Ligand code: XMP
Ligand code: MG
């Protein structure tokens, strides 16, 4: 798709590449301080968190272990149902580990609430969440997210890992999908 066609499918840019990088730098400094002297396991949720993981983890001036989990929530279209299926499980044993879940976005919170329970049952020593984006008005369950990048409105957004029908993940900014694309 050409640049002009892409622009036609997006409305406003919500968060720019520069804002994302500044914010991830701030969050990395907090994480470094909070986990000083402890081993840290970053768990990315595929596929949306790929960009956040790549950029956030490289802002950390310390050693970490990175693992990935792929889940899909049953449900129609763009809505999460909370019924989660594991598509790719972790390679790491969580027993005694300090886990930081790295996510692109918290929408209803249902996926993360399931993941939190699942990881807790595997014996992690601590579990915290870092999410680049959060939609506070869409919350169906309260998620205690220690590291939040940006609170955004309930619009469907794409870019920086986030997709619509697997497209737009490679956009450098986060933008609102134009309603005419999905309605
Ligand atoms: P829940 O509702 O369980 O959903 O918090 C989290 C997952 O849903 C996807 N999601 C989005 N994907 N633009 C996207 O491209 C959005 O605006 C959006 N909102 C939710 C995403 O995969 C997230 O991990
Ligand atoms: Mg996701």
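Looking at 38, 47, which one is within 16 Å of ligand 1 (Cβ to nearest atom), touching a strand residue (DSSP E or B) at 6+ places or on another chain (Cβ under 9 Å) and under 25 Å from residue 118 (Cβ atoms)? Break it down stepwise before answering.
Working: 38 fails: within 16 Å of ligand 1 (Cβ to nearest atom).
None of the others qualify; the one that does is 47.
Which of the following residues is within 18 Å of residue 127 (Cα to Cα), within 12 Å of ligand 2 (Cβ to nearest atom) and touching a residue at least 60 places away in the same chain (Cβ under 8 Å): 50, 45, 31?
45
Which members of region 113-144 meet the condition of being within 13 Å of ligand 1 (Cβ to nearest atom), part of a loop (DSSP other than H, G, I, E, B) and surrounded by 17 or more Cβ atoms within 10 Å (Cβ to Cβ)?
135, 143
What about residue 176, is it more than 16 Å from the chain's Cα centre (by Cα), surrounded by 15 or more Cβ atoms within 10 Å (Cβ to Cβ) and either near ligand 1 (Cβ under 8 Å from one of its atoms) or more than 22 Å from residue 56 (Cα to Cα) (or both)? Reasoning before the result, please.
On the way: more than 16 Å from the chain's Cα centre (by Cα): yes; surrounded by 15 or more Cβ atoms within 10 Å (Cβ to Cβ): yes; either near ligand 1 (Cβ under 8 Å from one of its atoms) or more than 22 Å from residue 56 (Cα to Cα) (or both): yes.
For residue 176, the condition - more than 16 Å from the chain's Cα centre (by Cα), surrounded by 15 or more Cβ atoms within 10 Å (Cβ to Cβ) and either near ligand 1 (Cβ under 8 Å from one of its atoms) or more than 22 Å from residue 56 (Cα to Cα) (or both) - is met.
Which condition number in (1) more than 16 Å from ligand 2 (Cβ to nearest atom); (2) within 22 Å of residue 170 (Cα to Cα) is the one that residue 64 fails?
Going through the list (1) more than 16 Å from ligand 2 (Cβ to nearest atom); (2) within 22 Å of residue 170 (Cα to Cα), residue 64 breaks only (2).
Among the residues of region 11-30, which ones are assigned to a helix (DSSP H, G or I) and within 26 Å of residue 157 (Cα to Cα)? Walk me through it before giving the result.
Initial filter on region 11-30 (assigned to a helix (DSSP H, G or I)): 17-30.
Listed by number, the residues that qualify are 17, 18, 19, 20, 21, 22, 23, 24, 25, 26, 27, 28.
Do you know which of the residues in region 117-143 that are away from ligand 2 (no atom under 11 Å from the Cβ) and within 14 Å of the chain's Cα centre (by Cα) is nearest to residue 49 (Cα to Cα)? First the steps, then the outcome.
So in region 117-143, the residues away from ligand 2 (no atom under 11 Å from the Cβ) come out as 117-130, 134-143.
Filter once more, keeping what is within 14 Å of the chain's Cα centre (by Cα): 128-130, 134-135, 143.
Working: 128: 15, 129: 12, 130: 10, 134: 13, 135: 16, 143: 17 Å.
Once the filter is applied, the top-ranked residue is 130.
Taking only region 99-110 into account, find how many residues are in a helix (DSSP H, G or I) and crowded, with 22+ Cβ neighbours inside 10 Å. Give the steps one after another, and end with the answer.
Applying the first criterion (in a helix (DSSP H, G or I)) to region 99-110 yields 110.
Those still in the list that are crowded, with 22+ Cβ neighbours inside 10 Å too: none.
Final tally of qualifying residues: 0.
How many residues does region 59-85 hold that are at pLDDT 95 or above and more than 16 Å from the chain's Cα centre (by Cα)?
7
Residue-wise test of (1) in contact (Cβ under 8 Å) with a residue 12 or more places away in the chain; (2) out of contact with any helix residue (DSSP H, G or I) (no Cβ under 7 Å at 6 or more places or on another chain); (3) assigned to a helix (DSSP H, G or I).
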| residue | (1), (2), (3) |
| --- | --- |
| 55 | yes, no, yes |
| 58 | no, yes, yes |
| 85 | yes, yes, no |
| 94 | yes, no, no |
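Filtering region 157-166 down to residues that are assigned to a loop (DSSP other than H, G, I, E, B) and crowded, with 16+ Cβ neighbours inside 10 Å, which residue is nearest to ligand 1 (Cβ to nearest atom)? Lay out the reasoning, then the answer.
At the first step, the residues of region 157-166 found to be assigned to a loop (DSSP other than H, G, I, E, B) are 160-161, 163, 165-166.
Filter once more, so that each one left must be crowded, with 16+ Cβ neighbours inside 10 Å: 160-161, 163.
Details: 160: 10, 161: 8, 163: 5 Å.
The residue in question is 163.
The values are calculated or read from the model by the stated rules, or taken from the named source; none is laboratory data. Computed from a predicted model, the values in this text were never measured in an experiment. A quick note on method: Cβ atoms are made from the backbone with ideal geometry, for glycine too, and the neighbour counts reach across all protein chains shown.
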